[in-house]
Amino acid sequence: MTMNVRKTGWTIILAVLVGTGSAAQETLNSTLVSLRGSDEWVPMIQPPRSSSGQQYRQYFATFRESLANKTYEEAETAAKLMVELASRGSDIDELNRSRTLQNLALAQQLGENYDAAILNYLMAINIIVRHEDMLSDTLVLSLRGLAAAYVGNDKPVEAFRTFNRALHISNVNHGPHSLDQLPILNAMMRIHLDQGDAKSAVEVLERIYLLHSRKFSPQSEEILPVLYQKAKILNELGRNVEERAAYRQIVRIIRQHRDEFSIGLIEPYLQLGRTFVRDLDEVIFRSAPTAGTAETYFKKALSIAEENPESDWRTKKKCLLALADYYTLVDMHSMARRRYQQAWELMSSDVSYLQQRAIDLESIVPLSQPHPHRYANFEYNPDREKIDPDDYLQGVLVVRYTVNDRGRAKDINVVGADPPEFKRMERRVRLALKKFVFRPRCAGGLPVETTDQIYRHDYFYMQSEYQASLEQSGRLNRPVPPKVE
């Protein structure tokens, strides 16, 4: 397997390293939040022991406050002072010293100083092993941090080895079916996703689901968070059919435990509709039932939003726009127009809604943009990744266009090109833009045209194919559009 992990730092990976807390819902949230942009680092902190002195507690307060303020250098300085205090005297508390080293490693990791973080995590781990044993449950938190530091340092092999060690210790202490291993499994799944290893990611995902199924009934509401997580991951992998099955299971559970008009059904109905919308290009124009299914789910969501007293204006707006956007995608202009007008009226009913109206309806919003390929010769060169990148030149094409009241591009004109008159790329960009679909801009509640839109396409080409394109089009000596600066 090719080890090519993107350098995600603490984004997402470390969000799943914190404790499980109240289990399923926290597990779902942890996969969606960036540690550096939230308070998800808090459970990683090793607080002062009851015997810690006043100066140590002052350093700790500075450390914690610096982490909260994202001033990681200050946090690292405070952590180093805590390490120094814990290392003084003839009767050193080694386990307390390991805790201070973990705090230092956390500060360094958040500051993306991965080499130093790895070193300090390893020192903390060695202390714990020496004074407890190799299966001490105390090791798990340090191992999680160490594995994430390896991820940040682009060392996935070491990361997986460390995660597996943490899993083994967790299973020994809490049993093979404990939810305590969820943060580790979630992190491992995220690495597989970043590597593009869909098969391994799905295997871990199924393991996560089975852990929940052993603890909670597969038909209970407690299983809902992991089903949402499963659906989101399947969505990332483009596995629409399996994602659809997960949302249908969510719908069945909610209807069984609540009723068919529960506000909790709105989101899975919307997501079910979107799974069919993603099939539009391949299926919808050959299969009326697909179109009907997507529309049916969006209408169900809107019906609940309009009738359920728990629904607020944002929920109603989201459902109206989902249905209107669907009609735009399938070019049912009059139906889309009606729903956009309803959304406009809703967001005009209170002055506090106007800012959201400006975002959602007073400018165009891309709905579908199948961008042209970045390699000019991709049709006849399936092995282009084996070609030396130095063989390629970089080009750019800029066009101006209008989005009509149906959300389609028209009046497409080249306004900048480098190299000029590369007709193959011009045709490709024009064809792509004709397939673009936008939510049209609205004025006075109705969709209207929007002019002077700009699209820029950066691509790679070979000088020989550009020359051939000029010769074939007979444009070697004609006026050319201006170069892009």
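What the table shows:
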| read-out | value |
| --- | --- |
| Dipole magnitude (debye, nearest 20) for the stretch 367-473, charges at Cβ of Lys, Arg, Asp, Glu | 760 |
| Cross-link partners of K317 among lysines (Cα-Cα below 19 Å; sequence separation of 8 or more within a chain) | K299, K300 |
| 24 Å Cα-Cα reach of K410 towards lysines, excluding residues that sit fewer than 8 places from it in its own chain | K423, K434, K435, K483 |
| In sequence order, calculated HN-Hα J values of the stretch 433-447 (Karplus, 6.51, -1.76, 1.60; Hz; x Gly/Pro) | 4, 5, 8, 5, 10, 10, 6, x, 5, 10, 9, x, x, 10, x |
| GluC sites (Glu not before Pro) within the stretch 306-347: DSSP coil, no more than 16 neighbouring Cβ in 10 Å | E310 |
| Extended-chain gain in nm, criterion 0.36 nm per residue less alpha-carbon gap, S213 and H257 | 14.1 nm |
| Computed lengthening from D133 to R456, 0.36 nm per intervening residue step minus Cα-Cα distance | 110.3 nm |
| R314 versus I92: modelled label distance in nm, points set 7 Å from Cα along the beta carbon direction | 5.2 |
| Efficiency of FRET from Cβ geometry, E267 and Q55, R₀ 30 Å, rounded to 0.05 | 0.05 |
| Efficiency of FRET between S334 and V396 - r from beta-carbon atoms, R0 30 angstrom, step 0.05 | 0.15 |
| Length released on extending from E84 to N240, taking residue separation times 0.36 nm less the Cα-Cα span | 50.7 nm |
| V157-K199 pseudo-label distance in nm [points 7 Å out on the Cα-to-Cβ vector] | 2.0 |
| In sequence order, calculated HN-Hα J values of the stretch 108-121 (Karplus, 6.51, -1.76, 1.60; Hz; x Gly/Pro) | 5, 5, 4, x, 6, 9, 5, 4, 5, 4, 4, 4, 6, 4 |
| Residues whose placed amide H lies under 5 Å from that of L367, excluding near-sequence neighbours | V437, F438, R439 |
| From phi via Karplus (6.51, -1.76, 1.60), per-residue ³J(HN,Hα) for the stretch 96-103 in Hz, x at Gly/Pro | 5, 4, 5, 5, 5, 5, 5, 4 |
| Under-5 Å amide H pairs with G111, H placed in peptide plane, nonlocal only | none |
| At R0 = 22 Å, FRET efficiency that the Cβ-Cβ distance of Q355 and L446 yields, to 0.05 | 0.60 |
| Inter-label distance, nm, simple model (7 Å from Cα along the C-beta direction), T71/Q467 | 6.1 |
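We did not get these values from a lab; they are worked out from the coordinates using the rules stated. Please read all numbers here as calculations on a predicted model, not as lab measurements. Neighbour counts are summed over all protein chains in view; Cβ atoms, including those assigned to glycine, are modelled from backbone coordinates with ideal geometry.
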